[in-house]
2 protein chains.
Amino acid sequence: MFSVNAKLDQLAINALRCLAIDLVQAANSGHPGAPLGMAPAAYTLWDRFLRHNPRDPHWVNRDRFVLSAGHASALLYALLHLTGYDLSLDELRNFRQWGSKTPGHPERGLTPGVEATTGPLGQGFANAVGMAVAEKWLAARFNHPGHDIVDHFTYVMVSDGDLEEGVSYEAASLAGRWGLGKLICLYDCNGIQIEGSTHTNFPDDIGRRFQSMNWDVHGPVDGENVAAIADAIVAARGVAEHPSIVIVKSSIGYGSPLADCPACHGAPLGAENVAKTKEKLGQPATAAFFTPEEAAAHLRGAVERGAKEQARWQTRLDYYGKVFPDMAKRLLAQLRGELPAGWEAALSGGDGDGKPVATRVASGRALNALAKKIDFLIGGSADLAPSNNTEIKNEDFFADDKPWGRNIHFGVREHAMGAIANGLALHGGVVPYVGTFLTFADYMREPIRLAAMSGLRVIYVFTHDSIGLGEDGPTHQPIEQLLSLRAIPGLCVIRPADAGETAVAWRTALARENGPTALILTRQATPALDRRKLASAEQAARGGYVLWQSGEGRPDLILLASGSELAPALAAGERLAAEANVRVVSLPSWDLFDAQPADYRESVLPEAVRARVAVEAGRSLGWERYVGLDGAVAGIDRFGASAPAARLFEEFHVGAAQAAALGADLLKRRARKRAAAPRPPAQLDAAAGKPAGEG
Amino acid sequence: MFSVNAKLDQLAINALRCLAIDLVQAANSGHPGAPLGMAPAAYTLWDRFLRHNPRDPHWVNRDRFVLSAGHASALLYALLHLTGYDLSLDELRNFRQWGSKTPGHPERGLTPGVEATTGPLGQGFANAVGMAVAEKWLAARFNHPGHDIVDHFTYVMVSDGDLEEGVSYEAASLAGRWGLGKLICLYDCNGIQIEGSTHTNFPDDIGRRFQSMNWDVHGPVDGENVAAIADAIVAARGVAEHPSIVIVKSSIGYGSPLADCPACHGAPLGAENVAKTKEKLGQPATAAFFTPEEAAAHLRGAVERGAKEQARWQTRLDYYGKVFPDMAKRLLAQLRGELPAGWEAALSGGDGDGKPVATRVASGRALNALAKKIDFLIGGSADLAPSNNTEIKNEDFFADDKPWGRNIHFGVREHAMGAIANGLALHGGVVPYVGTFLTFADYMREPIRLAAMSGLRVIYVFTHDSIGLGEDGPTHQPIEQLLSLRAIPGLCVIRPADAGETAVAWRTALARENGPTALILTRQATPALDRRKLASAEQAARGGYVLWQSGEGRPDLILLASGSELAPALAAGERLAAEANVRVVSLPSWDLFDAQPADYRESVLPEAVRARVAVEAGRSLGWERYVGLDGAVAGIDRFGASAPAARLFEEFHVGAAQAAALGADLLKRRARKRAAAPRPPAQLDAAAGKPAGEG
């Protein structure tokens, strides 16, 4: 069906191969095997099918191409360079070097044309599922008969390793259920992995596996046979009701003396083998970074094709804009990630009604209020929606027959949920949120990390955030999860104390365009904070603020807390107020607080005040950042237990009583220290502007 | 094939059901649905097949039964109670209460007869795979013709949710490859989950899925039909070459007015519905915790059967002991978890040869030395063995045709690897270790957590522990992982600095019988530490120690570091020695150090010395625990980058230069503070025994 020039195909394929291994050789680091083996399949896809415009990598209706096997990055860079993306030969020469656009694994945002940050196996596959969901959802919402304005394929290339990872099964099951007909997976089945043949641990019948999950299976086809690969892709594109996988039997390290050996997977071939490979592939053995002009010209054809494709689409968009002007405007704004003007107004004033409420319930209300204003806020839970309060009321569930649904049933698949959310955010046009119990954030660490690394606006609704979960016991009670999430660079973690702070947290998360946010929410009702007498919850936007202080001026003691421990901290503060000037600080977000100017931070936590107690129903580790060596932490440094929540808070000593006891102890120590300290002359004291002995 | 009394079966099944829902009702918390639905299958297994001795839950050759669907705990407790385990009716009445032996989800070690801590879905299934591996491995090593001394089945009950989780696919793929014929999975397929019907997100063809992974599939059978379930289990037991899954179509909440509704999954039925259920099941509607005597007597038959089974095995063991006395002794010692006498001698003296070496290489040497002494140390890597240095040389790989192999090819399946390692440790008779890159510890957080919670001796070999990984870039460079692991209660994290400390770390990990240990190891060679001039690496066993100090007495400045940053810290210390009395502290393990007596900790980190600098190529967060508000941390608080390692250490400022600069700065601040401080009378100064102004 194509006007085929087999010789030219082979020339181009071998040019890609040689360029890829040159990258690896120049860096003296990297993965030559997969690029050599995958080149024909990747070439076939890019040459015959992929609709993309190298001059405008952000064209919204481009086909998406995800290289889940991110270690084959050299092949992707060779493709991007030769098809005309803004990726120079110098960048290729700088493969894997400081400051280059050609890092070891593809990084989204750094390199034009890279759709997703990949490398950790299985992630890219699930990202692609998310992208295909976004496409299907937007198409269902915006297309009209004769106006298929959102209409593109999502292609993903995976390796054996990708398909061994559990997340790939989880995501595949959902993709099959959702009938993502425009999702096509090219499986580079080379049968070799680092420890040897996949026969040793991956003899699965892949076709049968994917069929069991409602996919259409094509192949196996010969990885060197462009026509066969193309035919399989044509067939896959013809299947509208199911996602498709094309099994491509390839040869890792093809053309090199190390072909079909694990040795060529992750180490440079060496100069001698590079020369031998080039010879075998019909290229000059000694010319590095050389591409035969005929091959280069052919691959550069993508520029002209891409411009034409985009122009054709632009014409359709223009027409669409005339017929549906509002929708066109909304679609483009959505795709730019813009929220509708005045969306913040959806949230009632941050200070709530002062009634006790579980922050998960407050979150569900905030979500539903926001969802009315932002009709492309979509998401769901890993089978805990009623507990996470993540359902958008009166909206359909996303399904093959309801692709416009805004509630997504992920099933008990936290890992895929996180990775699919990344794909939704990477595609654009929707703002994804996902929920589960905080403990089970452990199942989805990798996608959270990648969201942070890629700067994706994904909102995590993590409920049941402590021993307050109660009877389900230690397996379900998070202890270390809060600290573990705070440890992820670029992830904003917010643990609000009441309905007011919860609304602020949601607002912050949505306003944060370039990074993910984790909302950490209680199962149990948190006691009411009377905001008329306390600082406004609006201040939570700064991450930390003075909630209350018993006296004026510099406090003697500071109590810090987040979430459900704020009210007990306040109670402890009130109890100690007779003895000292006590300040209570709400610290819902370390990230946000640490980003405040130094003088603001000093105004909340004056450096000179060292009597500090933190209370939080989680690991105490980490709180030393705020209480130092002289402070104390009422935290939990063991696993939880199964019992009603109230009993647990008692037994684990993370309430008002413990906070007050620790505070009183610090005040006593401080008094002793003062008494023991040498008294300097009065004038010096006055000059220093503070009581001697403090600090 | 059984002498069947169908009426008695039904009576016993309904007794289990009624008892289970009474537990939930009494606790006013829990999961009645699964117990009601699963009871016939569980009963059939326990009554007809399970070889166990309620009076000796530790009988080493018992069949293992894992309830992967841990939320059905009420059913398990009912079974344990009624079959004669040491679990009283009072304990059942205290379901989910503080201090009871009947927590919300089964906890290993707390309740006799509970084989694994389950609840986080998918884990128990993978644990069972590990148990079946242990059985197969021990049988291959110890059995002789006519002496099947290790010979038991492993049964696991799973729910829909278990099979949705990716870890279940990963583990199933391996179980199929390994031909674990004595692993039998009962799949409680009730088609209902919290968010509704599984049709919405789990319409997979389970039979086909498991067939694609080399399992034998039985059923679907009617979940109410004891004979059909028994027949399927008989068939499954007859398949020696493949693991088997029995698909049991059950009805969640069977017998209750909420049958087949999500509402009965995770909330008590309510008194009225409990009464109606009992009526339907032919039990007195109002009697709580009542078991008809006929049913109780029948179920208690397990005690006599179990005693006989164990006695029969004991006879076989006695005979085995006569024919193979050494092996019998070794087998029993192994099963008790005892290491061979003098195993520590395998490790050369902790102080190494002083040559630069990557700690992953040192670890590989330690492992191989230990493996010679401890021939039941088995494990492997998630397809990174050559990089993790986790291969035991000259030993076979574990496979269906080599079940005695000690090297396990897990494939790119970190999650299952962790959970299977837990299963190996739970079974006993082997000491498991597993390896991957430190970054990918994120894929296996849940099993690490459960190992810590369950007190399992599992050793994690996490290599490529920082930006020192180099060119592979940020996706592969751990930043937050070290802190995230330190956050897990009960997990011992050790990041050794050189070959000597690495040997100590391995020794510590093996000696630690009741908990997991994570070894955090470099990819790159760490500079030699000349232990003749420095403290002995043996001190690493205390978690932290003074490596070196420039002067005598109390230091002016303390530099702290772990792993590859210790040598740079030492270099910084030497650079600053001209200005001040500088101490360098090696802190390979926070856990071990924090567990030391207070006076030892004070001797290493004197409270009065506040000029402290920590250097570590990971998140700085957490180090405030040791440096306080007055110290400084040279850490990395963003994601890494792709470049050669040396360049990265330069760019990220986590070397000697930064440590020296921060140290110099603190010394300056200290000098300024001293100068500004009021000078007390000389005699007071002398009395305090230290320079004024310090502290």
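As a check on your reading of the symmetry: which chain A residue has its Cβ nearest the axis that brings A onto B, and how far is it in Å?
Axis-proximal residue of A, distance in whole Å: A:Gly166, 1.
Counting only protein chains, not ligands or nucleic acids, how are A:Arg612, A:Arg575 ordered by accessible area (probe 1.4 Å), most first? Mind dumping the intermediate values first?
Values: A:Arg612 10, A:Arg575 140 Å².
I get A:Arg575, A:Arg612, largest accessible area first.
Run down the lysines and flag those whose C-alpha is under 22 Å from the C-alpha of B:Lys673, throwing out any fewer than 8 positions away in its chain.
Result set, ordered by chain and number: A:Lys673, A:Lys690, B:Lys690.
Given label points at 7 Å from Cα along Cα→Cβ, what nm distances, shortest first, separate A:Ala287 from the same residue in every other copy?
Computed spacing set for this position: 9.3 nm.
Calculate the mean, over all residues of peptide A:613-621, of how many other protein chain Cβ atoms lie within 10 angstrom of the residue's Cβ. Write down the numbers at each step before the final one.
Working: counts 0, 0, 0, 0, 0, 1, 5, 1, 10.
Counting Cβ atoms of other protein chains within 10 Å of each residue's Cβ and averaging gives 2.
Once both labels are modelled 7 Å past Cα along the beta-carbon direction, what's the B:His653-A:Glu272 spacing in nm?
Distance between the two pseudo-spin positions: 4.6 nm.
Taking amide hydrogens as modeled 1.01 Å from N in the peptide plane, which residues meet the under 5 Å criterion relative to A:Leu560, leaving out close sequence neighbours?
A:Val585, A:Val613, A:Ala614, A:Val615
Going by the alpha-carbon gyration tensor, a ≥ b ≥ c the square roots of its eigenvalues, is the protein assembly as shown rounded (a/c under 1.5) or, if a/c is not under 1.5, prolate (a/b greater than b/c) versus oblate?
Numbers: a/c = 1.27, a/b = 1.07, b/c = 1.18.
The shape class here is rounded.
Using the 7 Å Cα-to-Cβ label point, sort the distances from A:Arg312 to its equivalents in the other copies shortest first and give them in nm to one decimal.
Result for A:Arg312, in nm, nearest copy first: 7.4.
Using a 1.4 Å probe and ignoring any ligands, DNA or RNA, find the accessible area of A:Thr315 and quote it in Å² to the nearest 10.
In the full protein context, A:Thr315 sits at about 90 Å².
Based on the Cβ-Cβ distance from B:His199 to B:Asp56, what FRET efficiency comes out when R0 is 60 Å, to the nearest 0.05? Mind dumping the intermediate values first?
Details: r = 45 Å, r/R0 = 0.74.
Once the sixth-power term is evaluated, E becomes 0.85.
Sequence-distant or interchain residues sharing an amide H contact under 5 Å with B:Gln193, placed H: which?
When sequence neighbours closer than 5 places are left aside, the close amide H contacts are B:Thr198.
I'd like the Karplus ³J(HN,Hα) series for the range A:227-243: coefficients 6.51, -1.76, 1.60, θ = phi - 60°, whole numbers in Hz, and an x wherever there's a Gly or Pro.
Couplings: 4, 5, 4, 4, 4, 5, 5, 4, 4, 4, 5, x, 8, 8, 8, 9, x Hz.
Put a dot 7 Å past each Cα toward the Cβ at A:Ala6 and A:Ala528; how far apart are the dots in nm?
8.2 nm
Out of every Cα-Cα pair in chain A, what percent are more than 48 Å apart? Walk me through the numbers on the way to the answer.
On the way: 64436 of 241165 pairs.
Of the Cα pairs, 27 percent sit more than 48 Å apart.
So between B:Ala598 and B:Asp318, what do we pick up on full extension, going 0.36 nm a residue minus the alpha carbon distance? Please report the intermediate quantities before stating the final value.
Numbers: separation 280, 0.36 × 280 = 100.80 nm, distance 5.02 nm.
Going from the current span to full extension adds 95.8 nm.
Tell me, what ³J(HN,Hα) does each residue in the range B:312-321 have, in order and in whole Hz, if you take phi through Karplus 6.51 cos²θ - 1.76 cosθ + 1.60 with θ = phi - 60° and put x for Gly and Pro?
4, 5, 4, 4, 5, 5, 4, 5, 4, x
Given a 1.4 angstrom probe, I'd like the percentage of the accessible area of chain B that is carbon and sulfur, rounded to a whole number.
On the way: 11160 of 21960 Å².
About 51 percent, which is the carbon plus sulfur part of the accessible surface.
Whose amide H sits under 5 Å from the amide H of B:Leu521, counting only residues 5 or more places off or on another chain, with H placed in the peptide plane?
HN-HN under 5 Å from B:Leu521: B:Phe462, B:Thr463, B:His464, B:Asp465.
Where in the range A:376-415 does accessible area fall by at least 10 Å² between the isolated chain and the complete protein assembly, at a 1.4 Å probe radius?
Hits at the 10 Å² cut-off: A:Asp383, A:Leu384, A:Ala385, A:Pro386, A:His409, A:Gly411, A:Val412, A:Arg413, A:His415.
Tilt of helix A:33-44 relative to the longest C-alpha principal axis of chain A, in degrees (0 to 90, nearest 10)?
In chain A, helix A:33-44 runs at an angle near 70 degrees to the longest axis.
Quick check on my link table: of B:Lys373/B:Lys402; B:Lys329/B:Lys373; B:Lys249/B:Lys280; A:Lys182/A:Lys249; B:Lys249/B:Lys278; A:Lys249/B:Lys136, which ones sit more than 27 Å apart, alpha carbon to alpha carbon? Spell out each step's value before the answer.
Working: B:Lys373/B:Lys402 21 Å; B:Lys329/B:Lys373 16 Å; B:Lys249/B:Lys280 20 Å; A:Lys182/A:Lys249 22 Å; B:Lys249/B:Lys278 22 Å; A:Lys249/B:Lys136 34 Å.
In this structure, A:Lys249/B:Lys136 lie more than 27 Å apart at Cα.
Report, in debye and to the nearest 20, how large the dipole of chain A comes out about its Cα centre when Lys and Arg carry +1 and Asp and Glu carry -1 on their Cβ.
On the way: 70 positive and 78 negative charges, 314 e Å.
Computed charge dipole of chain A: roughly 1500 debye.
To the nearest 100 Å², how much accessible surface do chains A and B cover up together, summed over both, with a 1.4 Å probe? Write down the numbers at each step before the final one.
Numbers: alone 26570 and 26540 Å², together 43960 Å².
In total, chains A and B hide about 9100 Å² from solvent.
Please enumerate, by chain and number, the aspartates and glutamates with C-alpha under 19 Å from the C-alpha of A:Lys7, excluding those fewer than 8 residues away in the same chain.
Partners within reach: A:Asp47, A:Asp222, A:Glu224, A:Asp231, A:Glu279, A:Glu293, A:Glu294.
Give a residue-ordered list of calculated ³J(HN,Hα) values for the range A:459-468 (Karplus: 6.51 cos²θ - 1.76 cosθ + 1.60, θ = phi - 60°; whole Hz; x for Gly, Pro).
Ordered by residue, 3J(HN,Hα) equals 10, 9, 9, 9, 9, 6, 8, 6, 4, x Hz.
State, to one decimal in nm and shortest first, how far the label point of B:Ser348 sits from each corresponding label point in the other identical copies (label point: 7 angstrom along Cα-to-Cβ).
Distances between equivalent label points, in nm: 7.2.
At a Förster distance of 45 Å, what's the computed FRET efficiency of B:Arg672 paired with B:Lys393, Cβ-Cβ distance as r, to 0.05? The partial results should precede the final answer.
Numbers: r = 58 Å, r/R0 = 1.29.
That gives a FRET efficiency of 0.20.
Largest first and in whole Å, what are the equivalent-ellipsoid semi-axes of the range B:428-576 based on the Cα gyration tensor, each being the root of 5 times an eigenvalue?
Computed over the range B:428-576, the values are 28, 19, 13 Å.
Hey, what's the per residue convex hull volume over the C-alpha atoms of the range A:537-676, in cubic angstrom? Don't jump to the answer; show the numbers that get you there.
Working: hull volume 15.8 nm³, N = 140.
Hull volume over Cα atoms, normalised by residue count, gives 113 Å³.
Per DSSP H run of at least 4 residues, take -39500 (n - 2.57); add these up for chain A, divide by its residues and hand me the 222 nm value, nearest 500 deg cm²/dmol. Write out the running numbers ahead of the final one.
Values: 25 runs with 281 residues, N = 695.
Per the formula, -12500 deg cm²/dmol.
Leaving out ligands and nucleic acids, note down the accessible area per residue over chain B with a 1.4 angstrom probe, in whole Å².
On a per-residue basis, 32 Å².
Just for the protein assembly as shown, what percent of DSSP beta bridges are antiparallel, to the closest 5? Please report the intermediate quantities before stating the final value.
Numbers: 20 of 128 bridges.
Here the share of antiparallel DSSP bridges comes out near 15 percent.
Run the dipole for the range B:120-258 about the Cα centre, Lys and Arg Cβ at +1, Asp and Glu Cβ at -1, nothing else charged, and hand back the magnitude in debye, nearest 20.
Details: 8 positive and 17 negative charges, 86 e Å.
That gives the range B:120-258 a dipole magnitude of about 420 debye.
Going out from 0 in 20 Å bins, what whole percent of all Cα-Cα distances in the range A:7-308 drops into each bin?
Here the calculated profile for the range A:7-308 is 37, 58, 5.
Applying a 10 Å radius around every beta-carbon, put B:556-563, B:33-40 in order of their mean neighbour count, most first.
Values: B:556-563: 27.9, B:33-40: 30.4.
Sorting B:556-563, B:33-40 by mean packing, highest first, produces B:33-40, B:556-563.
So if I place +1 on the C-beta of Lys and Arg and -1 on the C-beta of Asp and Glu, and nothing else carries charge, what would the dipole magnitude of the protein assembly as shown be about its Cα centre? I want it in debye, nearest 20. Mind showing how you got there, number by number?
Working: 140 positive and 156 negative charges, 510 e Å.
Its charge dipole is roughly 2440 debye.
Averaged across the residues of A:319-330, what count of C-beta atoms belonging to other chains lies within 10 Å of each residue's C-beta? Write down the numbers at each step before the final one.
On the way: counts 0, 0, 0, 0, 0, 0, 0, 0, 0, 0, 0, 0.
Mean shielding count: 0.
Taking every DSSP beta bridge that has both residues in the range A:537-676, what percent is antiparallel when rounded to the nearest 5?
Values: 4 of 16 bridges.
Taking every DSSP beta bridge with both residues in the range A:537-676, the antiparallel ones total about 25 percent.
Please compute, for peptide B:165-176, the average count of beta-carbon atoms on other protein chains lying within 10 Å of each residue's beta-carbon.
Values: counts 12, 17, 6, 4, 12, 6, 1, 3, 9, 3, 0, 2.
Other-chain Cβ atoms within 10 Å of each residue's Cβ, averaged: 6.
The values are calculated or read from the model by the stated rules, or taken from the named source; none is laboratory data. Keep in mind that this is a model prediction, so the values were computed, not measured. Neighbour counts are summed over all protein chains in view; Cβ atoms, including those assigned to glycine, are modelled from backbone coordinates with ideal geometry. All accessible areas refer to the heavy atoms of the entire protein, side chains included, with ligands and DNA or RNA removed. Shrake-Rupley method; radii C 1.70, N 1.55, O 1.52, S 1.80 Å.
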